[in-house]
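The values are calculated or read from the model by the stated rules, or taken from the named source; none is laboratory data. Keep in mind that what you see is a predicted model, and the values were worked out from it rather than measured. For neighbour counting, all protein chains shown are included, and Cβ atoms are generated from backbone atoms with ideal geometry for every residue, glycine included.
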């Protein structure tokens with residue numbers, strides 16, 4: 001597989017993963033949200049409440065904005081040779097997968113996004129990072145640093161995207 005094809009797969013894998021969430025998240029939260037809220041640490045409940053307040057339209061809008069960012073990162077990497085944003089977003093996407101799998105394990109039930117994480121996100125990410133390191137484009141030590149950075153930055157980005165999704169949805173209504 002060419003490097004360009006591998007990089008362009010990123011926004012595609014992202015959309016396939018997020019389609020699973022878009023289709024399932026609202027009904028799943030209605031059904032399990034109350035019980036889930038009681039199982040999560042107190043300091044995370046406010047964030048969980050914000051997520052629960054999103055309807056499918058607001059969530060889908062946030063996903064669309066994220067898709068545009070990821071597509072722009074892929075474009076810049078493939079066409080312009082600018083890889084920094086691609087590395088950051090692809091590592092963040094990989095880390096985000098652990099949230100889905102970890103949540104399913106903690107709750108002891110299937111959660112939206114867990115299946116596509118196991119089937120698509122993890123295999124793609126491991127293949128991508130292995131290929132990029134073999135090509136000398138990034139080192140594993142740099143990936144580990146990006147993982148640490150995304151653990152801090154991605155919750156802020158996700159919160160901003162949810163706010164954008166909610167605002168755009170209200171504006172369009």
Exercise. Just a yes or no: is a residue in region 46-65 modelled with pLDDT of 95 or more, over 24 Å from residue 118 (Cβ atoms) and touching a helix residue (DSSP H, G or I) at 6+ places or on another chain (Cβ under 8 Å)?
Worked result: no
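Could you tell me whether residue 155 is in contact with a helix residue (DSSP H, G or I) (Cβ under 9 Å, 6 or more places away or on another chain), in a loop (DSSP other than H, G, I, E, B) and either in contact (Cβ under 8 Å) with a residue 60 or more places away in the chain or crowded, with 20+ Cβ neighbours inside 10 Å (or both)?
Values: in contact with a helix residue (DSSP H, G or I) (Cβ under 9 Å, 6 or more places away or on another chain): yes; in a loop (DSSP other than H, G, I, E, B): no; either in contact (Cβ under 8 Å) with a residue 60 or more places away in the chain or crowded, with 20+ Cβ neighbours inside 10 Å (or both): yes.
No: the conditions fail for residue 155.
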Exercise. In this structure, does residue 87 turn out to be surrounded by fewer than 17 Cβ atoms within 10 Å (Cβ to Cβ), more than 13 Å from residue 154 (Cα to Cα), at pLDDT 90 or above and touching a helix residue (DSSP H, G or I) at 6+ places or on another chain (Cβ under 7 Å)?
Worked result: no
For this session: Might you check whether a residue that is in a helix (DSSP H, G or I), in contact (Cβ under 8 Å) with a residue 24 or more places away in the chain, over 15 Å from the mean Cα position of the chain (by Cα) and surrounded by 19 or more Cβ atoms within 10 Å (Cβ to Cβ) occurs anywhere in region 5-25?
Result: yes
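Return yes or no: is residue 144 modelled with pLDDT under 95 and touching a helix residue (DSSP H, G or I) at 6+ places or on another chain (Cβ under 7 Å)? Please lay out each step first, then the result.
Details: modelled with pLDDT under 95: yes; touching a helix residue (DSSP H, G or I) at 6+ places or on another chain (Cβ under 7 Å): no.
Criteria not met by residue 144.
Take the residues in region 99-119 that are outside any helix (DSSP H, G or I) and in contact (Cβ under 8 Å) with a residue 24 or more places away in the chain, then tell me which one is farthest from residue 154 (Cα to Cα).
Going through region 99-119, the residues outside any helix (DSSP H, G or I) turn out to be 108-113.
Right, trim to in contact (Cβ under 8 Å) with a residue 24 or more places away in the chain and you get 109, 111-113.
Working: 109: 24, 111: 20, 112: 19, 113: 17 Å.
Taking the candidates together, the pick is 109.
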Problem set entry | Residue list for region 53-98, restricted to those being over 17 Å from the mean Cα position of the chain (by Cα) and either over 23 Å from residue 37 (Cα atoms) or not in a helix (DSSP H, G or I) (or both) | 53, 55, 75, 76, 77, 78, 79, 80, 81, 82, 83, 84
Exercise. Are there any pairs with C-beta distances below 7 angstrom linking a residue in region 47-62 that is closer than 14 Å to residue 158 by Cα to a residue that is modelled with pLDDT of 75 or more, with the two at least 6 apart or on different chains, and if so which?
Worked result: 48/37; 48/40; 52/29; 52/33; 59/22; 59/25; 60/22
